[in-house]
Amino acid sequence: MKTFIQKFGKSMMGPLSIIVAAGLLLGLASTLQNPNVFGNLLADVEIVNNFVSLVNALAGGLFSLLPVLFCMSIAQGMSKEDKEVATFASIIGFVLFHVTIRFFLSLNGITAETTSIDYLMEQGLDLLTATQQNAAYDTVLGIFTYRMSIFGGIVVGLWTAMIHNRFHKTQLPTAFSFFSGKRFVPIMMVVTIPFLAIIMYFVWPVFNTIINGFGSILASAGAFGTFIYGFLERLLIPTGLHHILNQMIRFTPIGGTAMIDGEQVSGALNIFNALLMQSNPDMDLMRQATRFLTQGTHPFMVFGLPAACFAMYKTALPKNRSKVKGMLLAAGLTSFFTGITEPIEFAFFFISPLLWLFHATMAGLSFLINTLLGVCIGNAGGGLVDLMLFGVLRGPETKWVINVAIGLVYAVIYFFVFKWAIVKFNIKTPGREDETDEVGNADEVTELGLEIMKALGGKENIVEIDNCISRLRLVLKDTAIVDEKALKKTGSLGIIKISDTQMQVVYGAKVEKAAAELKTAVRTSA
């Protein structure tokens, strides 16, 4: 299970660079568009407006692709060989997965039109109920489906890897031999993915029901409700269900209701924006709205997570620090300036439930502490731009100094907790992965590779080859036939038999060379 989790976590790293790039693009566009930064200076400059529109389109496109990117990355990372075939099959599976869900939704009359907020309210539903129902659905690659975010991509990616590893060597009868082997994997995806989609069609709504129930709790839990909100909002990010919480809080009565200028306004963000238009807003009322807004996110977005990035850099293997420095710096700056945290969070969410739970708890505490101390910073971003515009520049009445003080404490806590946990539990954060050459990177068969292969019982006995910093990690058909003396002649420092099919061979510093040459020997031998 530990091996599976580490391999799974490494597979999740693929889309990180895309998220970082999209975050930086969105931050740039947001700054150029913000009148509080440049005033009206750029409002009528056509080239700037066109540039901002292009950046928004590119960044939006990148984020919309995240589910399919995670699907491809996981299918590739979790498959044992012929990874390009698994990646190809994952795209087929992803599309058919959501097409199947759309088909069953349409049978019940559930479409993009019948789930729009306007349509639902015309049918007699109130704003809260209409928003809850609308938030449960999304359009992915033009396909109307459940709002599953990257979770849908993860499920399909894992399914693809399982199908690929099981069927990519399947040989059919002679009459159907054209469809054997690699070609059989996409066929099996077409056959099996509808069954997975049908299961998720019935299972996924349960999650929406749970979220709606928690939303109702928030409305009546007072200050502690902000802790629940902050905790769940971070905990649910990988599933995409945090969007449901956000929409209900920001735009429905769950986030509060107030009479402003003779009109009833519902939703925390709606109330905040309405009060901003007044010359002398009611600060007590504004604090009731901002308790669910960005004042709770600044401590961990501006301070905590960048410090976590620094901890990941400090704990990276020395040989890998130069490789991950740029990525971690970009991810930290993205969170610091824009409040877009996914590049950092996806670096540890799926490989360390401990750090995931710690982060969610700290987020909840941030919302709670800021509420209890009367901080009043709104909007829906969370980075330095929001902190400056809606905190510092609005004056001391926002109590932004308290918010920054909390953030500085968070930076210290995040750094030392992450550093301790990563080292203590050997968490494979960026730079700590055991970098190995993939099968087929080398072309020349060496004597060392052939000797190791022979000592392990030959090509037929070898199922899977991997390595860590000092050991070959092998899955064999039978470890009993391994020639230990012959392995020692190849430079082995020792052998660890884990089970009848799994063993490790210690090579120390030369393990990467041994692994690469063994893979080449296995791949090229007759």
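The values are calculated or read from the model by the stated rules, or taken from the named source; none is laboratory data. Keep in mind that this is a model prediction, so the values were computed, not measured. Every residue, glycine among them, receives a Cβ derived from its backbone with ideal geometry; neighbour counts consider all protein chains shown.
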| field | the range 375-391, residues that are in contact with a Phe, Trp or Tyr (Cβ under 6 Å, 6 or more places away or on another chain) and at pLDDT below 85 | value | G378, N379, G383, G391
| query | For the range 282-297, does any single residue satisfy the condition of being closer than 20 Å to L368 by Cα and free of Cβ contacts under 8 Å to residues at least 24 places away in the same chain? | reply | yes
| request: Return the pairs, sorted by first residue and then second, in which the second residue is part of a loop (DSSP other than H, G, I, E, B), the first residue lies in the range 151-175 and is small (G, A, S), the beta carbons are less than 7 Å apart, and the residues are 6+ apart or on different chains. | output: A161/S79
| request: Determine which single condition D44 fails, assuming it passes every other condition in (1) at pLDDT 90 or above; (2) surrounded by fewer than 16 Cβ atoms within 10 Å (Cβ to Cβ). | output: (1)
| message | Just the residues that are assigned to a helix (DSSP H, G or I) and within 19 Å of R250 (Cβ to Cβ), please, taken from the range 115-131. | response | I117, D118, L120, M121, L127, L128, T129, A130, T131
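Yes or no, residue by residue, for (1) assigned by TED's automatic domain parsing to the domain that holds L69; (2) small (G, A, S); (3) at pLDDT 85 or above; (4) crowded, with 18+ Cβ neighbours inside 10 Å:
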{"residue": "T160", "(1), (2), (3), (4)": "yes, no, yes, yes"}
{"residue": "H168", "(1), (2), (3), (4)": "yes, no, no, yes"}
{"residue": "M188", "(1), (2), (3), (4)": "yes, no, yes, yes"}
{"residue": "A197", "(1), (2), (3), (4)": "yes, yes, yes, yes"}
{"residue": "V203", "(1), (2), (3), (4)": "yes, no, yes, no"}
{"residue": "T209", "(1), (2), (3), (4)": "yes, no, no, no"}
| message | I need every pair where a residue in the range 381-394 that is at negative phi has its Cβ under 7 Å from the Cβ of a residue that is of a type in the set (V, I, T) and surrounded by fewer than 18 Cβ atoms within 10 Å (Cβ to Cβ), sequence separation at least 6 or different chains. | response | V385/T31
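One line per residue, one yes/no per condition, for (1) buried (at least 21 other Cβ atoms within 10 Å of the Cβ); (2) under 30 Å from A221 (Cβ atoms); (3) at pLDDT below 85:
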position	(1), (2), (3)
A330	no, no, yes
F348	yes, yes, yes
S352	yes, yes, yes
G364	yes, yes, no
N370	yes, yes, no
L373	no, yes, no
| message | Just checking, does the range 98-118 include any residue being in contact with an Asp or Glu (Cβ under 9 Å, 6 or more places away or on another chain), on the phi < 0 side of the Ramachandran plot and surrounded by 15 or more Cβ atoms within 10 Å (Cβ to Cβ)? | response | no
| query | Residues in the range 293-312: is at least one surrounded by fewer than 19 Cβ atoms within 10 Å (Cβ to Cβ) and either modelled with pLDDT of 75 or more or in contact with a Pro (Cβ under 9 Å, 6 or more places away or on another chain) (or both)? | reply | yes
| remark: Flagged pairs (Cβ under 7 angstrom, 6 or more apart or on separate chains; first in the range 106-131, assigned by TED's automatic domain parsing to the domain that holds T145; second in a loop (DSSP other than H, G, I, E, B) and at pLDDT below 90) are L127/T252; L128/T252; T131/T252
| task | Name, by its number, the condition in (1) farther than 28 Å from D466 by Cα; (2) touching a residue at least 60 places away in the same chain (Cβ under 8 Å); (3) small (G, A, S) that does not hold for G77. | result | (1)
| request: Give, as residue ranges, the helices (runs of 4 or more DSSP H) completely inside the range 327-396 that count at least 1 residues that are over 18 Å from the mean Cα position of the chain (by Cα). | output: 353-372, 384-387
| query | Any idea which of V445, V412, V475, V423 is at pLDDT 80 or above, more than 26 Å from the chain's Cα centre (by Cα) and surrounded by fewer than 18 Cβ atoms within 10 Å (Cβ to Cβ)? | reply | V475
| remark: Here the qualifying pairs (Cβ atoms under 6 Å; residues six or more apart or on different chains; first in the range 502-521 and at positive phi; second small (G, A, S)) come out as G508/S470
| remark: Checked L16, L28, L69, L24 against criteria (at pLDDT 65 or above, under 24 Å from G332 (Cα atoms) and surrounded by 15 or more Cβ atoms within 10 Å (Cβ to Cβ)); the one match is L69
